[in-house]
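Encoded as C-alpha cells, the structure appears first; notes follow it.
No lab work stands behind these numbers, since they all come straight from the coordinates. Being a predicted model, the structure only gives us computed values, none of them experimental. Glycine gets a Cβ as well: all are built from the backbone with ideal geometry, and neighbour counts include every protein chain shown.
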Amino acid sequence: MMYWYILMVAVLGLVTFLFIKVSRPAGPCLRVLMYHKVSGNGERDFLTVTADQLSHQWKYLKREGYSPILFSDLVKFVRMGTPLPPRPILLTFDDGYKDNFEVMYPILQHLEMKANIFLVPSYLQQQRTASDGTYLDLADIKKMNPSLVEYGLHSYDHKSYKKLSPAEVSEDIRKTGDWLRAEGVPFQPCLAFPYGAYPKKNPLKHKTFIETLNLSGMVLAFRIGNRLNAMPLKKPLLVQRLDIRGDDSFEDFVKLVKKGKAVF
Ligand SMILES: [Zn+2]
C-alpha cells in the first residue's frame, strides 16, 4: 500500500513539474510590462496605477536585477543580434497620457529607469485644442530625455486592427508615421495593437496581417497575452505584454512579473 502511495506522489510530482516546464519558457525571457495612466492623487483603477505603486514596483524590479531597455535596444537585438543586458525588461505605456510626463517621468528619472510610450496622433492633436490635459502634448514629448524615453506607434486614432483590411492597416501605419515625422517626434518601428486586437483566428487573415506589418516596416509589434517571451523572440511581431492593473495588489504584480499568467 505504502509503495503505491509513494509511486502516486512521485507521478503527480513529475506531472506538475512537466506542466510548469511547458507553461513557462525555461531559458532567458523578455518581460514587457503594459501600463496606461499614473495618478498623482492616489486614484487607482484597472488603467491607472498610483505614483506610489509605480515606485514600489520599479524599486522591486531594480532589486531583482532587471535591466530596463528601450525600443531601440530591442530593435537592434532583433535586426542585428546586438546583445541585451541581463534580465531585460521593457516598460511600456499606452495612449500617451499627460501623467506619463507629469507623474511617471520624475519617478523614472529618480529611479534611473527607462520607458517607452505608444502614441496616438489623434489624441496628441486633441490635446492642442483641449485644456484638460488628458494627453501629452508635443512640448511634453520633446522635454523627455530621448536616452530615457522612446516612442512607438499605437495607430492613428485607436481603431481596432482586427476590424481593418490589410490595405487599411498599412495606410494607418503610414499615416501615423508621417504625422509623427512631420511634427518632429522621433519614433522606433514598434507598434502596439489598439485594444491588443489583431486577426488571430482565421489563419489566412492572420498571415496577411503579419506580412502587412512587415511590409510597413515594423520590426516589433505588441499584443497583450500576459506571458513572458522566450528569447530570442520567435515572433517579434506578436510580442506578449503583461497587463499591469492599478487595482491589482503588489503580490499580483510580483507573480505576474515572475511567471506571467498561470496556464492552469
Ligand atoms: Zn490603447
Pairing the Cα long axis of helix 203-215 with the longest principal axis of the chain, what angle in degrees results, from 0 to 90 and rounded to the nearest 10?
50
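Restricting to bridges with both residues inside the chain, how much of the DSSP beta-bridge set is antiparallel, in percent to the nearest 5?
Once the DSSP bridges in the chain are tallied, antiparallel ones form about 15 percent.
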Low-density loop trypsin sites (Lys or Arg not before Pro), segment 190-264, at most 11 other Cβ within 10 Å, DSSP non-H/G/I/E/B, are K201, K234
Diffing segment 80-95: the Karplus 3J(HN,Hα) column from phi (6.51, -1.76, 1.60, θ = phi - 60°), in whole Hz with x for Gly and Pro, holds 10, x, 4, x, 9, x, x, 6, x, 9, 10, 9, 10, 10, 9, 6
With a cut-off of 19 Å, note down the residues of segment 147-190 whose backbone N falls inside the zone around a label point 7 Å from the Cα of E211 toward its beta carbon.
162-174
Kirkwood Rh in Å, taken over all unlike Cα pairs in the chain
19.6
If amide H atoms are modeled at 1.01 Å from N in the peptide plane, then the residues at a separation of 5 or more from S67, or on another chain, having amide H under 5 Å from its own are I89
Defining a contact as two alpha carbons under 8 Å apart and six or more residues distant in sequence, what relative contact order in percent does segment 31-259 show?
23
Just to confirm my numbers, what's the Cα centroid distance between segment 198-245 and segment 75-105 in Å?
16
Summing -39500 (n - 2.57) over every DSSP H run of at least 4 residues in the chain and dividing by its residue count gives a helix-only mean residue ellipticity at 222 nm, to the nearest 500 deg cm²/dmol, of -12500 deg cm²/dmol
Can you list the lysines whose alpha carbon is less than 18 Å from that of K261, not counting same-chain residues fewer than 8 positions off?
K21
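Taking the Cα centre as origin and putting +1 on Lys and Arg beta-carbons and -1 on Asp and Glu beta-carbons, what dipole magnitude results for segment 31-259, to the nearest 20 debye?
It works out to roughly 1120 debye.
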Only Cα pairs within less than 10 Å get springs; with that Gaussian network setup on the chain, which residue of P83, P146, P121 has the largest fluctuation?
P83
Please give the helix 2-23 orientation as an angle from the longest Cα principal axis of the chain, in degrees from 0 to 90, rounded to the nearest 10.
20
Per GNM of the chain with C-alpha springs under 10 angstrom, the most fluctuating residue out of P189, P236, P28 is P28
